[in-house]
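Right, one structure below, let's go through it.
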Amino acid sequence: MAIFGGILIVIGIILFFVQKNYSTKLQSIRLATSSTIAELQRIASEIAGEIGSGNLREYVKVRGIIRSDRPLISELKQEPCVHYTMRVVREYEEQQTVTDSEGKRRTETRRSSETVSSNTQSIPFTLQDSSGELIVNLDGGNIDTVQVLDEFRKENANGSSISFGGFSLAIGAGIGGRHTIGYRYTESILPCDREVLVIGTAADEGGKLTLRKPIQSDKKFIISLKSEEELAKSTANAAKGFFYGMVGCFAVGVILLIIGLVLKK
């Protein structure tokens, strides 16, 4: 019982850090100043006139449309985008020998999976609103994506490779009695020509107005397809849920730990 209590306490510690991350994200959404691109350009010009260019550092939230003259083409679905993440997972069966509580051994067929390939790519894009445009550097961003692919394909018994869209991979024979059932392909993207909310630091380094990741660790860099209200609501609900989960794990964990220690005496 004490062991289960300790496990719950560890889970509670993990939930504490997850909840803290969501709370910081919610604080960032509320803290950032709403702005248009024209307003940021004006502020950058005023600062440049007073102390020189390259000194703009404003934590802001800006809505606009994602534009790119040379977008990425996602690896699997071949969709134009400015960010994508893909994964290919092999699903297989294998024979395992297990021993039950009576000491009897038997062979079971168990299904499992392993990632055989994964990739993430991003490029800077132009954010355009009715007043102007600026560059968004996605490095280090918390990016909201749209899933465009989740497909399972059965194993081709005669094949020595697998392929999907622009992706291909040489495959070998099953290892250790593992029988490949097939492969699951998933991909998510940040598509072009979609309205997006960007929360980050506006800077004018190199003479170009750019939104990028803040230097401060307590300020998040967020790129979301949700409205500000939707994003704040979902983040608040997540923070609340993880908080209650954390409290519950700590409370039950401590109780079980105390009972376990008492019973040992």
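General remarks:
- Single residue of the stretch 9-43 satisfying the filter (of a type in the set (D, E, K, R) and surrounded by fewer than 17 Cβ atoms within 10 Å (Cβ to Cβ)) that is nearest to G206 (Cα to Cα): R42
- Out of G159, G174, sole residue that is at pLDDT below 95, part of a loop (DSSP other than H, G, I, E, B), surrounded by 13 or more Cβ atoms within 10 Å (Cβ to Cβ) and out of contact with any Asp or Glu (no Cβ under 7 Å at 6 or more places or on another chain): G174
- Long-range neighbours under 6 Å by Cβ, at least six apart or interchain, first residue within 8 Å of T235 (Cα to Cα) within the stretch 22-34, second among the charged types (D, E, K, R) and assigned to a loop (DSSP other than H, G, I, E, B): K25/K220
- Residues in the stretch 244-255 that are over 26 Å from the mean Cα position of the chain (by Cα) and either β-branched (V, I, T) or farther than 27 Å from S23 by Cβ (or both) were compared, and the one that is modelled with the highest pLDDT is V252.
The values are calculated or read from the model by the stated rules, or taken from the named source; none is laboratory data. Everything quoted here is computed from the prediction, not taken from an experiment. Quick reminder, even Gly has a Cβ in these numbers, built from the backbone with ideal geometry, and neighbours come from all protein chains shown.
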